[in-house]
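The values are calculated or read from the model by the stated rules, or taken from the named source; none is laboratory data. All values reported here derive from a predicted model rather than from experimental measurement. When we count neighbours, we look across all protein chains shown, and the Cβ atoms used for this are built from the backbone with ideal geometry, even at glycine.
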Amino acid sequence: MRVPYEYAIIRAVPRVERGELINVGVVLYCQRLDFLCARTHLHEQRLLALDPNADLDNIRAALKSWEITCAGGTDGGAARELKQGERFRWMVAPRSTILQAGPVHMGLAENPDAELDRLVALLVH
């Protein structure tokens, strides 16, 4: 049985003032199956083409934090107190930072985990 899900592409915008970006991950939320997960991949050469001075270590750490936030956090912080849907909405809210979520899209899938893999392969790699 296919169930609805929501997803957003995670984008790296190394120089916000220029508005140039690359796709670096996908966050997917399926309320019906209690699924919230982010998968990321940083293509370093693409990012450095946009900003040769990009801090790759900090960007990798920030991407890891998206994955940790989906899991509810590991430090007992604010993410742990939020329900999955609240975490998803917080993560995809507009912001002016190096990592930003694109618009939220919807779809139907039997297996959200496999669908997340498909979306990352299609939109990020």
**Asked** Which residues, taken from the range 100-125, are part of a loop (DSSP other than H, G, I, E, B) and without any contact (Cβ under 8 Å) to a residue 24 or more places away in the chain?
**Response** 111
**Message:** Let me spell it out: the conditions are (1) surrounded by 12 or more Cβ atoms within 10 Å (Cβ to Cβ); (2) polar (S, T, N, Q); (3) part of a loop (DSSP other than H, G, I, E, B), and residue 97 meets all of them except one. Which number is the exception?
**Reply:** (1)
**Asked** Among the residues of the range 76-84, is any over 15 Å from the mean Cα position of the chain (by Cα) and at pLDDT 95 or above?
**Response** no
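Any chance the range 4-18 includes a residue that's touching a strand residue (DSSP E or B) at 6+ places or on another chain (Cβ under 7 Å) and in a helix (DSSP H, G or I)? Break it down into steps so the answer makes sense when it comes.
Start the filter on the range 4-18 by keeping residues that are touching a strand residue (DSSP E or B) at 6+ places or on another chain (Cβ under 7 Å), which leaves 4-13.
Remaining after also requiring in a helix (DSSP H, G or I): none.
Within the range 4-18, none of the residues are touching a strand residue (DSSP E or B) at 6+ places or on another chain (Cβ under 7 Å) and in a helix (DSSP H, G or I).
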**Request:** Give the residue, chosen from 122, 108, that is exposed (fewer than 12 other Cβ atoms within 10 Å of the Cβ) and either of a type in the set (Gly, Ala, Ser) or within 12 Å of residue 26 (Cα to Cα) (or both).
**Result:** 122
